[in-house]
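Beneath this line is the structure, given in structure tokens, with notes to follow.
Since every read-out is calculated from the coordinates, none of them should be taken as a lab result. Model, not experiment: these values are computed from the prediction. With ideal geometry, Cβ positions are generated from the backbone for all residues, glycine too; neighbour counts draw on all protein chains shown.
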Amino acid sequence: MTSTPQLHEPQPVEGRLLRNVCGLFVTGVTVITTGEEGRSEGTTVNSFTSVSLDPPLVLFCLHKESRLRAVVEESQAFTVNFLAGPQEPLARAFAGKGTAAVTDVPHHRSANGMPVLSDALAFLACRLVQQFDGGDHTIFMGQVVELGVPRERQEPLIFFRGSLGALEEEPRGAHPIFDG
Ligand SMILES: Cc1cc2nc3c(=O)[nH]c(=O)nc-3n(C[C@H](O)[C@H](O)[C@H](O)COP(=O)(O)O)c2cc1C
């Protein structure tokens, strides 16, 4: 007897495969920083999304095992630092368990007391407004309370197919999708 493929039966989705497929969606790279002086932490994250302009809301997803989690919850605030092309070593440094310290890299404080990486392309300082369960991640939503673009002219660091790299050329479309 030949077996017929169960085309309509949903197959369990394997985590590694999902990660590989999602890796085809090109993103920028951020380091989320949080914590008052003496308790600051940072983690490399590409799950950043802007949510709303009015009120100004953004979110990111953080693995529940991340050491950053307790510090975000304690601080009730965080900064999203968009990395520039030359900051690949920084992205790698903050992607390991406890390998990089915010105090080892140039930084200053936002008005709400959160660390801001001084060489980032841009930053959004946020106060935590809500958090949601997202499976093995927690979704943190913040309201932007301060922003800045310290390295406006630099290209961004991007993440694609599991690799980090600088975006060497800006797209040259004649008609920008957004004009703002
Ligand atoms: C490009 C890139 C993007 C990442 N994005 C995320 C993310 O969105 N959420 C997350 O929890 N971890 C993400 N990670 C993994 C964390 O950086 C890494 O697991 C973490 O720093 C190690 O644990 P910690 O958070 O306790 O420091 C990413 C790593 C890289 C290299």
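Anisotropy class assigned to the stretch 27-162 is rounded, per the alpha carbon gyration tensor with a/c under the 1.5 cut-off. Taking other Cβ atoms within 10 Å as a rough exposure proxy, VAL13, VAL71, VAL26 sort from fewest to most as VAL13, VAL26, VAL71. Residue order for GLU155, GLU37, fewest other beta carbons within 10 angstrom first, comes to GLU37, GLU155.
Normalising the average separation of contacting C-alpha pairs (under 8 angstrom, six or more residues apart) by the number of residues puts the relative contact order of the chain at 25 percent. With the simple model of a label 7 Å out from the Cα in the direction of the Cβ, VAL26 to ALA95 spans 1.7 nm. Calculated FRET efficiency, ARG153 to GLU65, Cβ-Cβ distance, R0 = 41 Å: about 0.65 to the nearest 0.05. Based on DSSP H segments of at least four residues, each scored -39500 (n - 2.57), the chain has a per-residue ellipticity at 222 nm of -3000 deg cm²/dmol. Taking the number of Cβ atoms within 10 Å of each Cβ as an exposure proxy, the fewest-first ranking of PHE82, PHE25, PHE123 is PHE25, PHE82, PHE123. To the nearest 0.05, what FRET efficiency results for SER118 and GLN76 with a Förster distance of 30 Å applied to their C-beta separation? About 0.80, to the nearest 0.05.
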